[in-house]
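Below is one structure; the comments refer to it alone.
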Amino acid sequence: MLKRKIFRILLVSLIFISATPVSKELIKWNFEDYKKLTYEYNQSMITNVEFLDDPQKMMMTANLIIKIKDEQHADVIFTDIKHYRMSQDSLGNYKATDTIEMPNQILFQDLTPEGNIDGNIQDSYLMLARTLFPITNRKMEIGETIDLKMAMPFSMMGSNINVKGYNRVKYVDSNDGIEKLSSLIDVSEYTIPEEIEQDYICYLKGNSGFSFDSKRGVFNEGTINMNIAMGINITDSTTAKKTAKMMMDMNTEIKIKLIKTE
């Protein structure tokens, strides 16, 4: 009888443990085993500007390099940069009309394995790092989310507005060391002093999906879609209804893919 009770307790405990979500791998850069990570970078942008009749489309291609300096720091660099100005034909198809080659650029320096940036830098650079590579730096359960704080300055009609928000990263799936992440980006929180008459519109919103190799400690690929908008709300004096007057509205898609490790 005693043996049966012990067996039942062990069986219930085993079922309970099996049903409990298990924390997966740590999403964190591995700077110890590499000197350089090279990503293929593609970005497309369609911008509507108040004073221009037609949407403006641009494309950019580059190599995005994580240049590792030591086990705790890396520089992020653009090389082989090309900008393409696109024009729309009568059928609505876009084609490149101008190509501009740009010199190599430092995007930001001293990226840490935890996804932060050492030193006194602007919030917008940290936001860029957390958008391109959403490092959560902790073990998560499937379905769990974590908010990475973000901030972006907007300059509107001479006013500088600090807009805050988050990149809400969700742990979607895990398969043989390949971790799937998705995110919801919402940078739209700000306040306007009562002395300012204008009712501004400023936000960055979007979503992303990424594949992270937890065995190697590197991102494999990712896609980011974002909308950035700036404008003002104009109130009709008779109806009190607000109409949005957009000064700039830009949709952008970014794709990155790991093509070489050294």
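Summary table
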quantity: Estimated distance in nm for a label pair at residue 32 and residue 125, the labels positioned 7 Å out from Cα along Cα-to-Cβ; calculated: 2.7
quantity: Environment charge of residue 88, counting only residues whose C-beta is closer than 10 Å and scoring Lys/Arg +1, Asp/Glu -1; calculated: 0
quantity: Potential extension, residue 205-residue 261 segment - 0.36 nm per residue separation minus Cα distance; calculated: 17.0 nm
quantity: Rounded to 10°, Cα long-axis angle of helix 2-19 versus longest principal axis of the chain; calculated: 20
quantity: Non-local Lys pairs in region 33-81, i.e. 8 or more apart or on different chains, that have alpha carbons under 23 Å apart; calculated: 4
quantity: Loop-exposed trypsin sites (Lys or Arg not before Pro) per DSSP, neighbour cap 13 Cβ within 10 angstrom, longest uninterrupted part of the chain; calculated: 36-137
quantity: Global form of region 84-148, assessed from the alpha-carbon gyration tensor, a/c cut-off 1.5; calculated: oblate
quantity: Virtual spin-label span in nm between residue 157 and residue 139, 7 Å along Cα→Cβ; calculated: 5.3
quantity: Residue-by-residue Karplus 3J(HN,Hα) for region 28-36, coefficients 6.51, -1.76, 1.60, Hz, glycine and proline x; calculated: 7, 4, 10, 9, 7, 9, 9, 9, 7
quantity: Convex hull volume of the chain per residue (C-alpha atoms, cubic angstrom); calculated: 238
quantity: Over the chain: helical MRE at 222 nm, DSSP H runs n ≥ 4 each giving -39500 (n - 2.57), nearest 500; calculated: -3500 deg cm²/dmol
quantity: Summed side-chain charge close to residue 125 - residues other than residue 125 whose Cβ falls under 13 Å, Lys, Arg +1, Asp, Glu -1; calculated: -3
quantity: Virtual spin-label span in nm between residue 173 and residue 89, 7 Å along Cα→Cβ; calculated: 3.8
quantity: Prolate/oblate/rounded call for region 122-238, Cα gyration tensor, a/c under 1.5 rounded; calculated: prolate
quantity: Residue 184/residue 96 FRET efficiency (R0 25 Å; Cβ-Cβ; nearest 0.05); calculated: 0.20
quantity: Table column - 3J(HN,Hα) (Hz), region 200-206, Karplus curve with 6.51, -1.76, 1.60, x for Gly and Pro; calculated: 7, 10, 9, 6, 10, 9, x
quantity: Nearest-ten-degree value, helix 123-132 long axis tilted from longest Cα axis of the chain; calculated: 60
quantity: Phi-based couplings in Hz for region 147-152 (Karplus 6.51, -1.76, 1.60; Gly and Pro marked x); calculated: 9, 9, 5, 9, 8, 9
quantity: Gain on full stretching of the segment that runs from residue 246 to residue 213 - 0.36 nm per residue minus C-alpha separation; calculated: 7.8 nm
quantity: Among 234, 88, 68 the positive-end extreme of the charge dipole of the chain (Cβ point charges); calculated: 68
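Each reported figure results from applying straightforward, stated rules to the coordinates on display, with no laboratory input. Just so you know, these numbers come straight off a predicted model, no measurement behind them. Cβ atoms come from the backbone with ideal geometry, glycine included; neighbour counts cover every protein chain shown.
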